Amino acid sequence: MSHSITFEKRDKVFRIHLNNPKGFNSLTIPQFLKVKELIDQADQDNDTLATLITSSGTFFSVGVNIKSISKMTGKTENYYLSEISSKNMLLVDVMLRHKKLLICALNGPVIGLVASLVCLCDLIYAIDMNKVYMSFPFTAIGLTNECGASASLVARIGLSKALEIICLNKKLSCREMVKLGFLNRVFQFQNIDEFNEYIIAKLNGKLRNLDRKALIENKRLVKQDFRSKVESVVLRESMMGLDKWVANNPQKAFSSFLQSKRESKI
């Protein structure tokens, strides 16, 4: 895990980097907790004003590591409450109460639970119009929305579009993300490292001249309603989702997907 998720401080920017390109930056439960710990660490750092999440490879993240999740079958309700539901709520909480600017630099598609977490960020950039999309396949795997997506996606793209994207399992293209105001800016980079370095440099250029206290207070004011809406729905999402985990709905869907991949190789 130590090399699949790394962090560094670059002047005013605390960078968290997903570095498992061969695994399309899928995350196990311990890795999600590592991200949570790093976001907490960044929040307490006195030298930085922004927390930037970057990634590597062709995908920002395909979401949960389905191989590990598919094995979590036949467990008790308390097990899923402890291992999944409560941890989802922890992730949402740490992102919502983050004092500094929380920024995401999308180098490629982002799917599922991680897509829900991206919706909680303050600023979102994309590497290229043709390389980025979002997908929330909860309906396809028999699961309810996770990590506040029921409120955050509506706040970012509107009710009608959010219903279409989530209920019909439709991809949200980068072009639509621009049109709907989801993204702050789309670039035209081919090299991921150059894209990430550019974002870091530009952020530092902006942050050096800003008042720390005012930035933190203004962010809190602007996101106050957003935070309240997400907090009001995340517990309900988690409790409804708990029934789906007990019924093994997502585990079965992931197992079927893995089986079809194995058969396609024969």
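Please treat every number below as a calculation from the coordinates, not as lab data. Predicted model, so just to flag it, every value in this text is computed and none were measured. Every residue, glycine among them, receives a Cβ derived from its backbone with ideal geometry; neighbour counts consider all protein chains shown.
The table below lists the values:
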| quantity | calculated |
| --- | --- |
| Per-residue ³J(HN,Hα) for the range 186-202, Karplus 6.51 cos²θ - 1.76 cosθ + 1.60, θ = phi - 60°, Hz, x for Gly and Pro | 10, 9, 9, 8, 9, 9, 5, 4, 5, 4, 4, 5, 5, 4, 4, 5, 5 |
| The chain: most fluctuating residue of 24, 187, 59 per GNM, C-alpha cutoff 10 Å | 187 |
| Largest-first principal axis extents, alpha carbons of the range 5-264, Å | 54, 38, 35 |
| The range 5-264, dipole about Cα centre (Lys/Arg Cβ +1, Asp/Glu Cβ -1), debye to the nearest 20 | 260 debye |
| GNM top mover of 216, 200, 39 - the chain, alpha-carbon springs below 10 Å | 216 |
| Positive-end extreme of charge dipole, the range 119-241 - chosen from 169, 200, 214 (charges on Cβ) | 214 |
| Helical mean residue ellipticity (222 nm; -39500 (n - 2.57) per DSSP H run of 4+; nearest 500) of the chain | -15000 deg cm²/dmol |
| Cα gyration tensor shape for the range 127-266, rounded if a/c is under 1.5, else prolate or oblate | oblate |
| From phi via Karplus (6.51, -1.76, 1.60), per-residue ³J(HN,Hα) for the range 148-153 in Hz, x at Gly/Pro | x, 4, 4, 9, 5, 5 |
| The chain: relative contact order in percent, alpha carbon pairs under 8 Å with at least 6 residues between | 22 percent |
| Residues with amide H under 5 Å from that of residue 102, placed H, sequence gap 5 or more | 51, 122, 123 |
